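The values are calculated or read from the model by the stated rules, or taken from the named source; none is laboratory data. Small disclaimer: the values here were computed from a predicted structure and weren't measured. Positions of Cβ are backbone-derived with ideal geometry, glycine not excepted, and every protein chain shown enters the neighbour counts. In case anyone asks, the SASA skips ligands and DNA or RNA and just uses the protein heavy atoms, side chains included. Shrake-Rupley method; radii C 1.70, N 1.55, O 1.52, S 1.80 Å.
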Amino acid sequence: MQLVEEFTLSQAIVVCPTCNASFCTPQLTNMPIITSTTPVETDLHRILPNGAIRAALVGFCKECGYAWWITAFKTKSLLPDTLTADEYSMERLQYPRKFASAFITGKKQGVSSRELALLALNGGWCAREAGLATDRWLELAAEELQKALADKTMTGNRGYYHYIMGEIYRQLKQFDKALSHFNRVNYHSRLPRELVLRQKVQTTAGDSGPTLLPPYLVELLFCPRKPRLPFDKSI
Ligand SMILES: [Zn+2]
């Protein structure tokens, strides 16, 4: 359960790291912690109750076109008025466009395919939170993550990314590809075996729908204060 009132957006004056222009942009100043009843989907993202919230994670400088995660922009001051995401009014089509701008910035700056895939995924989640179509975003995320996984030098949790790749392909109705990625998730991913098995069953059934994680898996994966069950090593 999450209430939109608990997500607070403030107007902030930030400085563009590229051209030093100052501009006003919404920043998320309060986000409730994840509990077992927080809606989280099987592609391991938290559903935010409004596209404005995820869009606030990205800053966009109209002066030079630079867009990136808001943490790349220095905050000069926070304005005193806060708005709940519901009160924050902006054309909903604009929300995912910030991720599109950040994707273009990332491409120009040669950031890694994994980083670009993460932006594309966030763009897709943002689009859905704003009630817009997501397939093009998922295709973009698949394209970049595929490149990242093809790179033998990529460090980090490859099993985890194979799982995410499986979920992207499942949602794109490319079930054979989804299964082949789920089959490459090993115990190094630190993902619970039952999660991977659930998603294989859903894929085999030809179900491409976005799906909520059951509360026990949200707790297991996202609530570190609770004792974690041991991960099964036989995925
Ligand atoms: Zn700029």
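Using the Cβ-Cβ distance between residue 205 and residue 160 with R0 set to 25 Å, the FRET efficiency works out to roughly 0.60. Can you tell me which of 163, 187, 216 moves the most in a GNM of the chain? Springs connect C-alpha atoms under 10 Å apart. In the Gaussian network model the winner is 216. Taking the chain, how much of its Cα-Cα pair set, in percent, is spaced more than 21 angstrom apart? Tail of P(r) above 21 Å: 60 percent of Cα pairs. Once both labels are positioned 7 Å from their Cα atoms along Cα-to-Cβ, the gap between residue 20 and residue 187 label points is 5.6 nm.
With a ≥ b ≥ c taken as the square roots of the eigenvalues of the C-alpha gyration tensor of the stretch 119-223, please select rounded if a/c is under 1.5 and otherwise prolate if a/b is larger than b/c or oblate if it is not? Before the final figure, lay out each step's value.
Numbers: a/c = 1.34, a/b = 1.07, b/c = 1.25.
It comes out rounded by the Cα gyration axes.
Leaving out ligands and nucleic acids, note down the accessible area per residue over the stretch 4-222 with a 1.4 angstrom probe, in whole Å². Provide the component values of the computation, followed by the final result.
Details: 10320 Å² over 219 residues.
So the stretch 4-222 comes to 47 Å² accessible per residue, rounded to a whole number.
Between 149, 95, 206, the Cα set farthest toward the positive side of the dipole of the chain (charges on each charged residue's Cβ, about the Cα centre) is that of 149.
For the chain, with all protein chains in place and a probe radius of 1.4 Å, 54% of the accessible heavy-atom surface sits on carbon or sulfur. Subtracting the Cα-Cα distance of residue 135 and residue 30 from 0.36 nm times their residue separation leaves 34.8 nm of extension gain.
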